[in-house]
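A short write-up of the structure that comes next.
The values are calculated or read from the model by the stated rules, or taken from the named source; none is laboratory data. If you're wondering where the values come from, they're calculated on a predicted model, not measured in any experiment. Neighbour counts are summed over all protein chains in view; Cβ atoms, including those assigned to glycine, are modelled from backbone coordinates with ideal geometry. Heavy atoms of the whole protein, side chains included, go into the accessibility calculation; ligands, DNA and RNA do not. Shrake-Rupley method; radii C 1.70, N 1.55, O 1.52, S 1.80 Å.
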Amino acid sequence: MAVRERSVDAASLQMLKVAEEADIATVWDRFESQQPQCGFGRLGICCRNCFMGPCRIDPFGEGAQVGICGATADTIVARNLLKNTAVGAAAHSDHGREIVHALRMAAGGKSDAYKIRGPVKLHKLAEEYGIARHDRSDDEIAKDLAELLLAEFGRQEGVLLNTARAPEQQQRNWAALGTVPRGVDREVVTAMHRTHVGVDNEAEHLLLGAARTALADGWGGSMIATDVSDMLFGEPKPLRSRVNLGVLKEDEVNILVHGHEPTLSDVIVAASQDPELLAEAAAKGAKGINLAGICCTANEILMRHGVPIAGNFLQQELALMTGAVEVMLVDVQCVFPAVTEFQKCFHTKVVSTSPKARFPGATHIEFHEEHAMETAKKIIRMAIENFANRDPARVTIPATQEKLVAGFTTDVVHEILGGKYRPSYRPLNDGIQTGRLRGVAGVVGCNNPKFPHDGSHLAMVKELIRNDVLVVQTGCSAIACGKAGLLTPEAAEAHAGKGLGEICRAVGMPPVLHVGSCVDNSRILTACVEMVNEGGIGDSLDKLPVAGAAPEWMSEKAISIGMYFVASGIFVVIGQALPVEGSAAVVEMLTQTFEKHFGATWAFEPDPVKAAHRMIDHIDRKRADLGLPPPMYEVPYAPKTNGAARAANRTVSTGGQPAGEAGAAVAASCRGPRIED
Ligand code: SF4
Ligand code: MSK
C-alpha cells in the first residue's frame, strides 16, 4: 500500500512521510511484511487447543475435514470464537476489577491520591444495590459498595446484579437460552474450560457460551468499570479539548499516557500541575509540562479533565517519531511492543507501569494505588530530566490539531436534551418518534492497517449523520472523528442531515457524541435502556431503531463488545468478518439464527458506506415495525465508497517543518526499528 493510502489523517500522513524518508518501520510496514496472512487463521479453522495438533481443516474440501480428535470446522471455529470472546471479556473485566480495588483503597483511606469525586453516582448506586446510606459517610458507603462489586467478579451462584438493568425481554431471552451471566470471573473461567480439548464440541452451544461470557463483560466488568470510574474520578461533563499530533508542544516537556486504566493517568494529571514540578521543568528550560494521551487512557482523562489527545491506536508510533516525547507511559491493552524500539532512534523513554504488563526495553516503574502520587511524580521527574536530551533537529510536530467536545454520558444526555431542571430522554424519543431523528448508531472500536487509518470511521459516520442518525462513539473511533472535526456542534452545519441538524442546533450539541473509552461502551447499553424506559420507541432493546458498528476493529475486546451488543438485541456491523468464515454453519448462526435467539445479528461489511446503509435500513425496518412514520427528511444514499472517502480526506499539512527535512535529520543518524526483508 502506497504511504499516501495508509491513512486519511493529515498529521499521520506527514509522520509517515518522515518514517519513509528516515527508513523507520511502522505497523504498516510490519503488516506488509506479514503478507500473505494465514488463510486458516483468518477463516478460524486452525486449532492449537491440544498437542496432538496443531490441526487445520482444508477449506477446499479436499484435505482433512476433521482434526486429530475428530473436531469439525464448525467446532473449531466456534471454539476459537469463544476463546477470543473470553480474552476480550477478561481484559475489560480485569480493568473493572482494578478500578473497584482503587475505590476500596480510597474508601479505606489507604491511598494518597484517590477520593470519591462522584458522590451523586455513589449514592445512586448505593440505592440501586440496597446499601444503607442513612447516617453514614461517603467512605463507609463506598467501602460496602466496593465489597459488593468485587463480589460480582467472583460470584459463584445466582445472577450478575446489573442484568436487572436490562429490559424484561432481554432478561427473558437470556434465561430461555441459558445465557444469563453469573459472576464475571466464573463466566471467563467456564468459557476457557469449555474450549479445552474434548469438552464443548457443539457449535451453537459454544456460540451461546460466547454470548454469556460477553454479557458478563458488557453488563458486568465493563459496566462496573464505567460506574466506579465515574464515582472515583468524577462524572464527565461536556468539555472542550483538542486532538491530533499537533497537541504536542515544542517548548514543553511532553508526556504521553497510553493504554486503558485511568488509575495512574488520573493522578498524573494532578501531578503535572504541581508547582514544584513545574518549577523543575522551568529550570530545565521547558515552558511547562504537557500531558496528552493515546488510545483509551487518553479518552478517560479527556472525558474528565479535558486533557488533549495526541492520537489513536495506529498513531502510537507516529507520536514517538515527532521526537518531542520525553516519556511514554504505558499500562495495559493496545500498546505495541514495538514502541520501545523507538528509544533507539529518539530520546523518548517508555515506562511500563502495570504489574501485569512488561515490555522488553522499557523502564518498569510499577504502579500501586497506595503510592499513586509518589509514582506519578517520579515518572514526571524522569520526563523533566529527559527534556535536555531532546534533539531539536529531530523534532517534527505536525501543526494539525482539531477542536472537539467530549464528556457525554447517559446522565449528561438526560440533561442536554431535557434541560437541567427537567432531565429526560423524552426529547430524544420524541425526535425519533416524529422522524426528525431517524435513529441512533454506536460507531466504536479500533484502527487496523487492513483499512486506511480512520477512513472507514469517517466515511461511515458522515453517511449516518447525513441521514439523520445520531452517532455515539467510544475508543479510537471517537478519536478518529474528533480529528476530522465531527465532535463539534459546528459539524452539524457541515455534515448532519436536516432533522439531526435541527436538534443539534436547538441544544448546541455535536451530531457525534463522544461517550468515552472501550469499557464505556456500557454507557451505550444504559443509554439504550433509558430510551426503552422513556417509552414510545419499543419496550425492549431489540425493538429500538438503533444499530452498532466497529468498521476498523482489530482486538479481542471488540469481539466481546460486539457479542454483548448482539446478545442484548442490537444489530452490529463490523468491517472485517469475524474469523468464522471457515464454517458456513457458524456464519449462519451469527448472522441469522441469533435473530431468533436475541432479536439481533452480526453482519460483516468492509465497505463503510455500504455498512452505514445496512445500519440505516435496519433502523428503518425497526421504525416500520413500531409503526413510526418514515424519516421526516429522507435523502438519497450517497454513492461514496471507502476509496472515495479516502480521496476526499487526503490533505496533508506539513505544519511548521517540511516533512522531508525532519526525515533527513532522523535518517542521518538513525536507521531505527527497521524490518529486515
Ligand atoms: Fe487438533 Fe482436536 Fe487437538 Fe484441536 S483439539 S489441536 S483439532 S486434536
Ligand atoms: S484503545 S481496543 S484500539 S478502540 Fe481502547 Fe482503541 Fe480498540 Fe484499543
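For the range 248-316, the square roots a ≥ b ≥ c of the C-alpha gyration tensor eigenvalues yield an a/c of 1.5 or more together with a/b not exceeding b/c, which makes the shape oblate. Carbon-plus-sulfur accessible fraction, the chain (probe radius 1.4 Å, protein heavy atoms only): 52%.
Of the chymotrypsin sites (Phe, Trp or Tyr not before Pro) found in the range 27-124, the ones in coil according to DSSP and having at most 13 other Cβ atoms within 10 Å of their Cβ are F51, F60. Across the options H414, P54, G516, the greatest Cα extent toward the positive end of the charge dipole of the chain (unit charges at beta carbon of Lys, Arg, Asp, Glu) belongs to H414. With each label modelled as a point 7 angstrom along the Cα→C-beta vector, the M52-Q34 pair spans 3.0 nm. Between rounded, prolate and oblate, where does the chain land on the alpha carbon gyration tensor, with a ≥ b ≥ c its root eigenvalues, rounded for a/c under 1.5, else prolate if a/b exceeds b/c? Taking the square roots of the gyration eigenvalues as a ≥ b ≥ c, the chain is rounded.
At a threshold of 8 angstrom on Cα-Cα distance, excluding pairs fewer than six apart, so keeping six or more, what relative contact order does the chain reach in percent?
19
Separation of the range 508-567 and the range 291-356, taken as the distance between their Cα centroids, equals 27 angstrom.
Rolling a 1.4 Å probe over the heavy atoms of the protein chains gives the chain an accessible area of 35 Å² per residue. Place a label point 7 angstrom from the Cα of Y637 along the Cα-to-Cβ direction, then list the residues of the range 608-630 whose backbone nitrogen is under 20 Å away. Residues passing the 20 Å test: 608-625, 630. Sites listed here are trypsin sites (Lys or Arg not before Pro) in the range 313-395 whose DSSP assignment is loop and whose Cβ has at most 16 other Cβ atoms within 10 Å: K356, R358. Of the GluC sites (Glu not before Pro) in the range 122-221, the ones in a loop by DSSP (not H, G, I, E or B) with at most 13 other beta carbons within 10 Å are E157, E202. Sorting L150, L464 by solvent-accessible area of protein heavy atoms yields L150, L464, largest first, with a 1.4 Å probe. For the range 73-233, rounded, prolate or oblate, judged on the Cα gyration tensor with a ≥ b ≥ c (square roots of eigenvalues), a/c < 1.5 rounded, else prolate if a/b > b/c? Verdict is prolate for the range 73-233. Highest mean first, the peptides 487-495, 215-223 sorted by other C-beta atoms within 10 Å per residue fall in the order 215-223, 487-495.
Annotation: extensible slack from R621 through A506 equals 38.6 nm (criterion: 0.36 nm per residue apart, minus Cα-Cα distance).
Once the Cβ-Cβ distance of R381 and V189 is raised to the sixth power relative to R0 = 45 Å, the FRET efficiency obtained is 0.65.
Between A282 and A393, what is the FRET efficiency for a Förster distance of 22 Å, r being their Cβ-Cβ separation, to the nearest 0.05?
0.40
Say the dipole of the chain comes from +1 at the beta carbon of Lys and Arg and -1 at that of Asp and Glu; which of P631, A388, A89 then lies farthest toward its positive end? My answer, from the dipole projection, is P631. For the pair A2 and E250, label points projected 7 Å from Cα toward Cβ lie 3.0 nm apart.
The distance between label points at D112 and Q171 comes to 4.6 nm (points 7 Å beyond Cα on the Cα→Cβ vector). Cross-link pairs exceeding 23 Å between alpha carbons, from the set K110/K378; K110/K557; K17/K610: K110/K557; K17/K610.
With the whole protein complex present, V507 retains an accessible surface near 50 Å², based on a 1.4 Å probe. Counting only residues at least eight positions apart within a chain, or on another chain, the aspartates and glutamates with an alpha carbon under 13 Å from that of K543 are E168, E595, D620, D625.
For the range 576-583, the Karplus equation 6.51 cos²θ - 1.76 cosθ + 1.60, evaluated at θ = phi - 60°, returns couplings of 8, 5, 4, x, 10, 6, x, 10 Hz by residue, with Gly and Pro reported as x.
Among the listed pairs K124/K483; K115/K356; K287/K349, which have their C-alpha atoms separated by more than 29 angstrom in this model?
K124/K483
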